[in-house]
Amino acid sequence: MEEKILYSAIQPSGNLTIGNYIGSIRNWIGLQSKFTCFFAMANMHAITVRQDPAQLRRRTLELAALYIACGIDPEQCTLYVQSQVPQHAELCWVLNSLTYVGEMERMTQFKDKSAKHAENINMGLMDYPVLMAADILLYQAELVPVGQDQTQHVEIARDIAIRFNNRYGETFRVPEAFIVKQGAKIMSLQEPSKKMSKSETENPNASVYLTDDRDTIIRKFKRAVTDSGSEIRFSEDKPGISNLLTIYSAYRGVSVGDAEREFEGKGYGEFKLAVGETVADALAPVQAEQKRILADKAYLSGILAAGAERAFKAARKTLSKVYRKVGFYQGD
Ligand code: TRP
């Protein structure tokens, strides 16, 4: 039986947080052996908000090295940089003609980002979901593991695929969001009602980055906002403690219930220190490995070249079919 195809991507903008790790990367590790996986550095999506070019280039490589350091096996899956595969932009253009301005204007992320970057509401920002649909549909992906905030984008990709298939005949596999299990969403350490963000600028203690050193990690957890009361229990009225329990259980590989029992009768201070130490211990080897990979430029660029080539072949096949269906002359 042919393996199902799975597609996901992360933008190389901002520093990745433990939320990105727990919510995305960690889950991908277990999926690589079960599916044919494509993982991209979505640098074309990243430029829809202003980026410093040197930083974007550096972060793209850092992200690739981090994927590998976390356990993504570039032999087993296709790890590549989006802009190295021109079919993404090409398919996006075709799909643009099947997408309505009104539906893009209604997208939650577009509205949020427009409010946040009111001085730069560019066409790319509005087209973001169509490029994402192109990413997914190019590889005939069936499964798209994403966080809750990206499900609307996967819905649109489904709509566009169905629309195209209806108009031009069966061409795209209709993808589905693959929501990772509960507890995947990691909240800000300072405002536990908000998602932990990789582009947090207001409060440097709110996000724990995968590149933070041990002291910084422990300090951030010590300063984490907790709730009234003193019990270490997962519940809706304890968003701060619940978030810390989620983080602890994810990094420890234990259930939230086990974590609660472990800290029964203990104080917030002791608990926060334990969470900080657990995260710091877990990140140290990953950081060392990422550093080693980044220093080996020939290895990393070789991996990305091979990934781009594999992605290119798969993408070319779909795009050629699309061009045929829509009536684009492709030579005789
Ligand atoms: N929009 C996604 C995010 O910010 C990143 C992304 C780009 C993506 N293309 C994708 C995710 C295709 C899944 C599939 O998280």
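Things worth noting here:
- Taking every protein chain into account, the accessible area of region 75-210 amounts to 47 square angstrom per residue (probe 1.4 Å).
- Ranking Ser228, Gln76, Gly14 by Cα position along the charge dipole of the chain, where only Lys, Arg, Asp and Glu carry charges on their C-beta atoms, puts Gln76 farthest toward the positive end.
- Measuring between alpha carbons in the structure, the pairs from Lys116/Lys291; Lys195/Lys297; Lys198/Lys297; Lys220/Lys291; Lys194/Lys272 lying more than 28 angstrom apart are Lys116/Lys291; Lys195/Lys297.
- Helix-only mean residue ellipticity at 222 nm for the chain, each DSSP H run of n ≥ 4 adding -39500 (n - 2.57), per residue, nearest 500: -16500 deg cm²/dmol
- When the Gaussian network model of the chain links Cα atoms closer than 10 Å, the mean-square fluctuations of Phe172, Phe221, Phe110 top out at Phe110.
- Per-residue Karplus couplings for region 120-137, computed as 6.51 cos²θ - 1.76 cosθ + 1.60 with θ equal to phi - 60°, are listed in order as 9, 8, 9, 4, x, 4, 6, 7, 2, x, 6, 4, 5, 4, 4, 3, 5, 6 Hz, Gly and Pro entered as x.
- Cα centroid separation - region 1-53 against region 121-161, whole Å: 13
- Taking Cα atoms only, the orientation of helix 87-96 departs from the longest principal axis of the chain by about 80 degrees.
- Prolate/oblate/rounded label for region 267-332 (Cα gyration tensor, a/c 1.5): oblate
- Per residue, the accessible area of region 214-291 comes to 50 Å², computed with a 1.4 Å probe over protein heavy atoms only.
- Taking amide H positions as modeled 1.01 Å from N, with prolines and chain starts lacking one, the residues under 5 Å from Ala9 and 5 or more places away or on another chain are Ala40.
- Mean sequence separation of contacting Cα pairs (under 8 Å, at least six apart), scaled by the length of the chain, corresponds to a relative contact order of 22 percent.
- Cysteines, the chain, no other Cys beta-carbon under 4.7 Å: Cys70, Cys92
- Measuring max minus min along each principal axis, the C-alpha atoms of region 214-291 give extents of 41, 24, 20 Å (largest first).
- With all protein chains in place and ligands, DNA and RNA left out, the 1.4 Å accessible area ranks Glu90, Glu260, Glu119 as Glu119, Glu90, Glu260, largest first.
- Cα pair distances of the chain binned at 10 Å [whole percent]: 5, 24, 32, 24, 11, 3, 1, 0
- In Å², nearest 10: area of His117 left accessible to a 1.4 Å probe: 50
- As a fraction of the 1.4 Å probe accessible area of the chain, surface on carbon and sulfur atoms comes out at 51 percent.
The values are calculated or read from the model by the stated rules, or taken from the named source; none is laboratory data. Keep in mind the model is a prediction, meaning the values are calculated, not measured. Glycine also receives a Cβ, built like all others from the backbone with ideal geometry; neighbour counts cover every protein chain displayed. Accessible surface is based on the protein model in full, side chains and every heavy atom, while ligands, DNA and RNA are left aside. Shrake-Rupley method; radii C 1.70, N 1.55, O 1.52, S 1.80 Å.
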